[in-house]
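Heads up: the structure comes next, in structure tokens.
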There are 2 protein chains.
Amino acid sequence: MTTTAPSSDPADPDHKLRLRTQLCFALYSTMLGVNKVYRTVLRDLDLTYPQYLVMLVLWERDGLNVSEICEQLYLETTTLTPLLKRLEARGLVNRQRLPEDERQVIVTLTAEGAALKTRAAIIPDCVAEAMKCSEDDLVDLREQLIRLRTNLIR
Amino acid sequence: MTTTAPSSDPADPDHKLRLRTQLCFALYSTMLGVNKVYRTVLRDLDLTYPQYLVMLVLWERDGLNVSEICEQLYLETTTLTPLLKRLEARGLVNRQRLPEDERQVIVTLTAEGAALKTRAAIIPDCVAEAMKCSEDDLVDLREQLIRLRTNLIR
DNA sequence: TGAATTTATATCGCGTGCGATAGAATCGTC
DNA sequence: GACGATTCTATCGCACGCGATATAAATTCA
């Protein structure tokens, strides 16, 4: 007898095809919830979640090229190029070709982009509040996910 | 001393803004990996992951209306209406207004849609293979995610 | 040096995902 | 029965997210 939501009867021949048994669906639907929370919390900053992630990367280390940002975020340049252009249009970053290697586009924070970090400082606490998750659970869950991600990418 | 990837120094004033410390980023990036695996595995069936989810719902219980499918998948009708039209165009489902309540659109499987279930039966094992995750870890992780999702939706 | 290869970014097309909004059908209340 | 509120689905616009593809710069190697 468990107190959590019922899964599905493992004896059921369709057991593995049930939504409720699928880890991936739990992951997918939880991510939808996370995104929804971020939309609310990021409205003030007028950033989407992926845009916020790019800003996190740049706040930690400025002046990366597109590929380096892609690598950190597990995204393709196909996704990031237009996103970075939008951030540039917003005046948060600059994009300029590296003179020594004209293939690379270096992304740097503008003063406004750098300044936004101060206002973003409360975001993690807002999200943690919404998750109502103990620090231990958080660390545990994060590490399980990272192991899973490592396997999936392999 | 941990063997997993390093997080970030909690004494760092920017600790919470680090990508590596954020549970949500682990969730987000793992989901990207899951999606990539599904793209590979679902190529044969010519389905996207959300389309596959709709089929899972209908294989379990046919003849739901749009809202009921939305509710099970945590998606908006805005997302599902066009998706269902694509499934209809593919000949996998039918969409018809309920005579007793013309507001509702009932989605039913075509013979082809129902038959696809047989070919989809191997998908969960393919994905489990890619995740390389023990059954216990899987159940544990799934339940943690569902708890988190419940909090996020509240 | 010159040609083939590789690297870094960009363009295009398509399928989500959702907020804002609209429109039609039904319900509730008088 | 009428009319305002609610329910259900659809349309529109925008931002991802990525596979296929293109292009230019740099590198490799003959």
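Considered as a group, the residues in the stretch B:92-124 that are within 14 Å of DNA strand C (Cβ to nearest atom) and farther than 16 Å from B:Leu64 by Cβ include one that is most open to solvent (accessible area, probe 1.4 Å), and that residue is B:Glu102.
Out of the residues in the stretch A:58-87 that are within 11 Å of DNA strand D (Cβ to nearest atom) and among the charged types (D, E, K, R), state the one that is nearest to B:Thr30 (Cα to Cα). In this case the residue turns out to be A:Glu76. Every residue in the stretch B:28-63 that is outside any helix (DSSP H, G or I) and touching a strand residue (DSSP E or B) at 6+ places or on another chain (Cβ under 6 Å), please. Selection gives B:Asp62, B:Gly63. Residues in the stretch A:5-34 that are under 30 Å from A:Leu109 (Cα atoms) and open to solvent by 20 Å² or more (accessible area, probe 1.4 Å): A:Leu32 alone.
Yes/no per residue for (1) within 14 Å of chain A (Cβ to nearest Cβ); (2) basic (Lys, Arg); (3) without any contact (Cβ under 8 Å) to a residue 24 or more places away in the chain:
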position	(1), (2), (3)
B:Leu45	yes, no, no
B:Pro50	yes, no, no
B:Leu53	yes, no, yes
B:Glu60	yes, no, yes
B:Thr81	no, no, yes
B:Lys85	no, yes, yes
B:Leu92	no, no, no
B:Gln104	no, no, no
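The condition of being surrounded by 14 or more Cβ atoms within 10 Å (Cβ to Cβ), more than 9 Å from DNA strand D (Cβ to nearest atom) and within 14 Å of the chain's Cα centre (by Cα) holds for A:Val37. When the helices (runs of 4 or more DSSP H) confined to the stretch B:109-154 are screened for residues that are under 16 Å from B:Glu60 (Cα atoms), those reaching at least 2 such residues are found at B:111-120, B:123-131. Scanning the stretch A:65-79 for residues that are within 14 Å of chain B (Cβ to nearest Cβ), in contact (Cβ under 8 Å) with a residue 12 or more places away in the chain and not hydroxyl-bearing (Ser, Thr, Tyr) returns A:Ile69, A:Gln72, A:Leu73, A:Leu75.
The values are calculated or read from the model by the stated rules, or taken from the named source; none is laboratory data. What you see is a predicted model, and the numbers here were worked out from it, not measured in a lab. Here Cβ is always computed from backbone atoms with ideal geometry, including for glycine, and neighbour counts include all displayed protein chains. For accessibility, only protein heavy atoms count, side chains too; no ligands or nucleic acids. Shrake-Rupley method; radii C 1.70, N 1.55, O 1.52, S 1.80 Å.
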